[in-house]
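Structure record follows, encoded as structure tokens.
No value in this document is a laboratory result; all are computed from the given coordinates. Keep in mind that what you see is a predicted model, and the values were worked out from it rather than measured. Neighbour counts run over all protein chains shown; Cβ positions are idealised from the backbone, glycine included.
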Amino acid sequence: MTKLAHFIPVKFSYLEEDYAKLYLRKIKGLATRTKLSMSFHPQTNGQAERTIQILEDMLRACVIDFKGDWHNHFHLIDFLYNNSYNSIIGMTPFESLYGSKCRSPKVGLKLVRLL
């Protein structure tokens, strides 16, 4: 399991079920398979809870740093999360998926979202 994550920015509130449907539709569009965690399964729930905590911390820092403009920098959270060392898999999620380290852009270059 790579632990790679894709983030879907939305501009309005959804119900939890709507988020799940949106997520699954986006994942199917990427031609990938999903492995959903089961309720009452401590190992996978613990991993999911830890991931959620990390993402909350990253989002909080982004909101503080970029204030009202944070949503325009959402792709940076995606990049940072997927290129941060994960102790469970012993490498970054990007490295786990692609077999090599990510070649990050030079500092100061404008990042452009391609999707």
Legend entry - Charge context of GLU56, other residues only, Cβ under 14 angstrom, K/R +1, D/E -1: 0
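Under the rule a/c < 1.5 gives rounded, and otherwise a/b versus b/c splits prolate from oblate, where does the stretch 58-106 land using the Cα gyration tensor? Mind dumping the intermediate values first?
Values: a/c = 3.51, a/b = 2.02, b/c = 1.73.
The shape class here is prolate.
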